[in-house]
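The values are calculated or read from the model by the stated rules, or taken from the named source; none is laboratory data. Please read these numbers as outputs of a predicted model, since none were measured by experiment. Note that we place each Cβ from the backbone using ideal geometry, even for glycine, and neighbour counts take in every protein chain shown.
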Ligand code: RFL
Ligand code: PHB
């Protein structure tokens, strides 16, 4: 088998890349380790920046997103038992964010690709990449019980944080930046109406909590917990009680409902530099991850793909490799700003066990400053809705 771009991974990065390449007449084959049901059912991100919505719209895969997505013009920060609204739209000249489940965006892109009859292989085993230092890189894999080879011009490593592409680069050629946080998030999906029309990020002495949603009848709620938290210790009653306390929910503000899904997510900041090795380009979580407090992971994956598409378009049009050479630096410029914001939101809103008294007071002062300063709220808002793209 032969293609122009071999894409490993059918998450948001791989699927969007395939779709945008198709719009430009560039062939790709997408290889995914898991089943279609698995990737379409995986509950993860939910918040899209304005630019991500625009990108998905231009890619022609946002019809349902525009019908079903929930547009948010603000959010609430709660601390010391008091809520403070951040007027995202008002502070950013009208920019908004949209709640739309990542798996819904994945479903839309899978459907578009299969409807167009384009190659997307699920349940691929043992994908391995070869000869990335040459002009003829290859992917070997097993599918339908047969060993296969995909000859490519370019390989896109869109295989997430635990994929095979990043580890295929010689370690001496990579620089890794890594920070693991001393806490995690316990997330639930519940059949209950959202606590508020907008997201509530709460800082409480017991720890962080976040009230978000997937629809008018489905809530998504998160609680700061220990990284090694045992879910068996968290009955539904205990979860609802902790949410009520930390979110400072009064009376009927937080309605309970059946818990549909429960999970623990580790918190980490990670960047690899550079994001390219020869003919291999990393995009999305394969190259970087952020703690979810700033809601940036999927948005960064989309931003990488935009840069990669332009570079590949120029390359296949015979315009040379300048944009490919610039790919890593262009992406990293945004990535580090987003890393900073995600780290900042995380350290501001979480409880650190054993935190010294000085740091604690500084954090409280910073929150108070946010509550009282338009300049501080504007800085939060412009990062939250998404920094402008370089192009
Ligand atoms: P993905 O989605 O992990 O997709 C990678 C795909 O590659 C496949 N794969 C392989 N395929 C073939 N061969 C192999 N050897 C393979 N190894 C792996 C995997 O099966 C998978 O299908 O990476 P991608 O495309 O880079 O997308 C990144 C996003 O998924 C991620 O950044 C976000 O989910 C992060 N995130 C959030 N991002 C946001 O922008 N807004 C949010 O509100 C937000 N909330 C979140 C989040 C992530 C969370 N979790 C669970 C980590 C909330 C949570 C709780
Ligand atoms: C979500 O809706 O799942 C979500 C929203 C905002 C975040 C993280 C997750 O910061």
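Brief remarks follow.
- Single residue of 210, 280, 223 found to be within 30 Å of residue 132 (Cβ to Cβ), touching a helix residue (DSSP H, G or I) at 6+ places or on another chain (Cβ under 9 Å) and within 14 Å of ligand 1 (Cβ to nearest atom): 280
- Out of 7, 26, sole residue that is in contact with a strand residue (DSSP E or B) (Cβ under 6 Å, 6 or more places away or on another chain) and touching a residue at least 12 places away in the same chain (Cβ under 8 Å): 7
- Tally of residues being buried (at least 19 other Cβ atoms within 10 Å of the Cβ) and within 21 Å of residue 273 (Cβ to Cβ) across the stretch 325-345: 11
- Screening the stretch 47-98 for strands (runs of 3 or more DSSP E) wholly inside it with 2 or more residues that are surrounded by 21 or more Cβ atoms within 10 Å (Cβ to Cβ) returns the ranges 75-79.
- Among the residues making up the stretch 29-53, those that are free of Cβ contacts under 8 Å to residues at least 60 places away in the same chain and more than 16 Å from ligand 2 (Cβ to nearest atom) are 37, 38.
- Note on the stretch 115-160: among residues that are touching a helix residue (DSSP H, G or I) at 6+ places or on another chain (Cβ under 8 Å) and not in a loop (DSSP other than H, G, I, E, B), the one that is farthest from ligand 1 (Cβ to nearest atom) is 154.
- Residue 319 fulfils the conditions (1) crowded, with 18+ Cβ neighbours inside 10 Å; (2) out of contact with any strand residue (DSSP E or B) (no Cβ under 9 Å at 6 or more places or on another chain); (3) outside any helix (DSSP H, G or I) except for a single criterion, (1).
- Residue 111 vs. criteria closer than 19 Å to residue 13 by Cβ, within 16 Å of ligand 2 (Cβ to nearest atom) and modelled with pLDDT of 95 or more: no
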